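Only the coordinates and a few stated rules stand behind these numbers; no lab work does. Small disclaimer: the values here were computed from a predicted structure and weren't measured. Ideal geometry is used to build each Cβ from the backbone, glycine not excepted, and the neighbour counts take in all protein chains shown.
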Amino acid sequence: MKKVILLITIILAFIACKNTNTESAGPSEADKATFARNIKAFENYHVKGFATEDLELLSSYFADSVKWSPPMWNDNKILGKDDLMKAAEQYFSEFDNLTFLAGDGGIDSDSAYWGGSFYSELGEQTSKPNGVRIYGTWTGIHTASGATINNKWYAVVSFNEDGKVVMFSDWMDVTGMQTQINEHVAGQ
């Protein structure tokens, strides 16, 4: 009986070690490539679209069915691509030199892009590359006043298999831009 218990204990220990080693192996090379592709898409379409005020470039990055949760409170209504493009047009008309500083604004921040999750209150782990968290600061010049604005920004972006954004949620202090503009105007 002791031998059977010892044998079961050894087998269970072996299985536990094997599962731990598999989980810590990290993402596959294909997942790493997909994650890198998603980051490049953000930089080449989103950031460049805002920097060049190219609505067509920006629009091509989003799936027609994209679901958008904007940074300002709107009773948690999920908006679509048309609403997202109208908001982008508004930024284009109100600001010049829109620039994204990847990773800026964080404490001890070495990276702007994160994906996957080892911890969740749901208890699920994933190394999937299509959910990307992005951190940084947007800067620009308010066209009407000449005020320089800086706004820390965070987004959760989900890409489909074609590399198009299908879910986009972003957060920033929208009123902070107006505060910076007001302070600039008051100081003139």
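Things to note:
- When the helices of the chain are scored as -39500 (n - 2.57) per DSSP H run of n ≥ 4 and the total is divided over every residue, the value at 222 nm lands at -12000 deg cm²/dmol.
- Region 71-179: chymotrypsin sites (Phe, Trp or Tyr not before Pro) falling in loop per DSSP and having at most 11 other Cβ within 10 Å: TRP73, PHE118, TYR119
- Label-to-label distance, nm, for residues given as SER109 and ALA30 (7 Å Cα→Cβ offset): 3.3 nm
- Exposure proxy ranking, count of Cβ atoms within 10 Å, fewest first, for ILE134, ILE78: ILE78, ILE134
- Cross-link pairs exceeding 21 Å between alpha carbons, from the set LYS67/LYS164; LYS77/LYS128; LYS32/LYS152: LYS77/LYS128; LYS32/LYS152.
- Degrees between helix 2-23 axis and first principal axis of the chain (Cα, 0 to 90, nearest 10): 20 degrees
- Ignoring the sites themselves, the chain has its longest run without GluC sites (Glu not before Pro) in a DSSP loop having at most 13 other Cβ atoms within 10 Å at 1-120.
- Nitroxide proxy distance, nm - points 7 Å out along Cα→Cβ at VAL174 and SER117: 2.5 nm
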